[in-house]
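The values are calculated or read from the model by the stated rules, or taken from the named source; none is laboratory data. Since the model is a prediction, treat every value here as computed from it, not as a measurement. Counting neighbours? That spans all protein chains shown, and the Cβs are built from the backbone with ideal geometry, glycine included. The accessibility values were calculated without ligands, DNA or RNA, using every heavy atom of the protein model including side chains. Shrake-Rupley method; radii C 1.70, N 1.55, O 1.52, S 1.80 Å.
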Amino acid sequence: MSQSTSIPRNQQRIRDHGYDDYMEVEKKIRKVMKFQELLLTQPNSMIAISRLDMLARRFGFKQYEAGKFILKFPHVFEVFEHPVQRILYCRLTRKSLLQIEQEKLALLAQLPQAVTRLRKLLLLSNTGRLRLEHVRIARKDFGLPDDFEFSVVLKYPKYFRLFDAKETRNKYIEVVERDPRLTVCAVENVREREYREKGGEEENVRFSFRVNFPPGFKIGKYYKIAVWKWQRLPYWLPYEDISGYDLRSLEAQKRMEKRAVATIHELLSLTVEKKITLERIAHFRLAMDLPKKLKDFLLQHQGIFYISTRGNQGKLHTVFLREAYRKGELIEPNELYLARRRLAELVLLSPRKVIVDRRLINYGKQGGEDEIADYVENGGDHSAARETVREDLGEESLDSDDDCSIDSDGDCSIDTDGDCSIDTEYTHKEVNNDDVTDDAEDTRVTE
């Protein structure tokens, strides 16, 4: 009877389209952010279209795909003709630059909360230390700046200690003091709030988790009994020291399994967007006593977590905390999350709502993708496009002496003297390009 009323270990994943649609947008945002970082590292934050096609190959783009990609997002990237060189250049729009600045301000404003999150993350480990490289890969998930080694770890010596291991010569971050006030899990606060509001039996609430199964998930009679038994099962808290316990018994193994669920729950609660890739959780597996087959383990608890395979051609698995989302949106958003979602709004805006150079519009419509590829192959030379549009529209519809400058707000101004005024006040900004290799590092991690 006990075997029939236990949670099955091998379960089929049930898709939830709300989270999958979220990851489809996230897939576009990742590519857009790589192009943004590339443009910000160039002089005057702009780059010729001919060079863009060559540099974009490091992101996995094939020939001619980079030019087609930036034309899909005119609210983020602006294509204009250089007034002297007479070739096409690409730069970020004013809305895109404003979004980047807002995200930086939000990141600096929540830096004290990021320090607390890093302290709690270190307390989740058995030894109170984690590899610096593993934290660096997941720094954006926890709201840490790119230079957190200096701006956070070395800036607060009363909280953190940075040292080199003698055996492996790897850098580690260690928490200096265990603060009892930081050892309270997020799920404990949720239980207390629900108990005060709804009441009920203490044994049913004391060790329970919020369970919300995806649509279409089949729940049988014995499965309900198994979930009810599992919810009442006591376990050791993630921040509790278990070095003195005997873990060889069957009851201890069950408690350790539920403790692993609580640890991953707390890990997701510490992130900014309440989600993180499964490959990045695997970096902390040994330090936090997590099971080897993480994906199969999380599929046993589809009411608490959701694993999405969308994004990056299915090479990465993103784990969501189900109780933190509703209809694909975060229930309690923070400023950093809202600043990042503004980029998603720019990506999702229709290209028809932006006014761009009429010559580029007609050129794209008349020639199609093949002529756009030839256009990029010619090094961004606008003369070929000009001749094509003359043949289709006639000489009267296109004056070769008139040039057009476009701003990010969609206004087009024409100078009848033949001069094109282009705002080149974009300052050169240095951006850390370590994030470009983060996805590649995650894919090398095996479950």
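State whether the residues of the stretch 261-274 include one that is in contact with a helix residue (DSSP H, G or I) (Cβ under 7 Å, 6 or more places away or on another chain), surrounded by 15 or more Cβ atoms within 10 Å (Cβ to Cβ), without any contact (Cβ under 8 Å) to a residue 60 or more places away in the chain and charged (D, E, K, R).
Among the residues of the stretch 261-274, at least one is in contact with a helix residue (DSSP H, G or I) (Cβ under 7 Å, 6 or more places away or on another chain), surrounded by 15 or more Cβ atoms within 10 Å (Cβ to Cβ), without any contact (Cβ under 8 Å) to a residue 60 or more places away in the chain and charged (D, E, K, R), which makes the answer yes.
Please specify each residue of the stretch 124-154 satisfying the condition of being among the basic types (Lys, Arg) and not in a helix (DSSP H, G or I).
Arg129, Arg131, Arg139, Lys140 - these are the residues of the stretch 124-154 that are among the basic types (Lys, Arg) and not in a helix (DSSP H, G or I).
Restricting the stretch 62-81 to residues that are crowded, with 20+ Cβ neighbours inside 10 Å and aromatic (Phe, Trp, Tyr), which is farthest from the chain's Cα centre (by Cα)?
Phe80
Could you tell me whether the stretch 304-323 includes any residue that is of a type outside the set (Val, Ile, Thr), in contact (Cβ under 8 Å) with a residue 40 or more places away in the chain, surrounded by fewer than 16 Cβ atoms within 10 Å (Cβ to Cβ) and more than 23 Å from Thr183 (Cα to Cα)?
Yes, the conditions are met somewhere in the stretch 304-323.
Scan the stretch 222-245 residue by residue and report those that are open to solvent by 90 Å² or more (accessible area, probe 1.4 Å) and either touching a helix residue (DSSP H, G or I) at 6+ places or on another chain (Cβ under 6 Å) or farther than 18 Å from Gln302 by Cβ (or both).
Of everything in the stretch 222-245, those that are open to solvent by 90 Å² or more (accessible area, probe 1.4 Å) and either touching a helix residue (DSSP H, G or I) at 6+ places or on another chain (Cβ under 6 Å) or farther than 18 Å from Gln302 by Cβ (or both) turn out to be Asp241, Ser243, Tyr245.
Considering every residue within the stretch 176-183, establish whether at least one is in contact with a strand residue (DSSP E or B) (Cβ under 7 Å, 6 or more places away or on another chain), modelled with pLDDT of 90 or more and open to solvent by 40 Å² or more (accessible area, probe 1.4 Å).
yes
Quick one: is Phe69 aromatic (Phe, Trp, Tyr) and in a loop (DSSP other than H, G, I, E, B)?
no
Among the numbered criteria (1) within 17 Å of the chain's Cα centre (by Cα); (2) of a type outside the set (A, V, I, L, M, F, W, C); (3) surrounded by 15 or more Cβ atoms within 10 Å (Cβ to Cβ), which one does Asp289 miss?
(1)
Which pairs turn up if I take residues in the stretch 216-241 that are within 19 Å of Val261 (Cα to Cα) and look for partners that are open to solvent by 40 Å² or more (accessible area, probe 1.4 Å) and at pLDDT below 85 with beta carbon separation below 6 Å, at least 6 apart in sequence or on another chain?
Once the first residue is within 19 Å of Val261 (Cα to Cα) and sits in the stretch 216-241, its partners that are open to solvent by 40 Å² or more (accessible area, probe 1.4 Å) and at pLDDT below 85 give Ala226/Ser6; Arg232/Glu203.
Pick from the stretch 82-108 the residues that are among the charged types (D, E, K, R) and open to solvent by 50 Å² or more (accessible area, probe 1.4 Å): which of them is farthest from Leu71 (Cα to Cα)?
So, considering only residues that are among the charged types (D, E, K, R) and open to solvent by 50 Å² or more (accessible area, probe 1.4 Å), the one farthest from Leu71 (Cα to Cα) is Lys104.
Using the structure shown, decide if Val25 is buried (at least 19 other Cβ atoms within 10 Å of the Cβ) and either at pLDDT 90 or above or at positive phi (or both).
The answer is no for Val25.
Quick test for you: out of Gly311, Gly199, pick the one residue that is modelled with pLDDT under 90 and under 25 Å from the mean Cα position of the chain (by Cα).
Gly311
Report, ordered by the first and then the second residue, all pairs with beta carbons closer than 8 Å, sequence separation of six or more or different chains, a first member in the stretch 330-346 that is outside any loop (DSSP other than H, G, I, E, B), and a second member that is open to solvent by 70 Å² or more (accessible area, probe 1.4 Å) and hydrophobic (A, V, I, L, M, F, W, C).
These pairs meet every condition: Glu335/Ala109; Ala339/Leu105.
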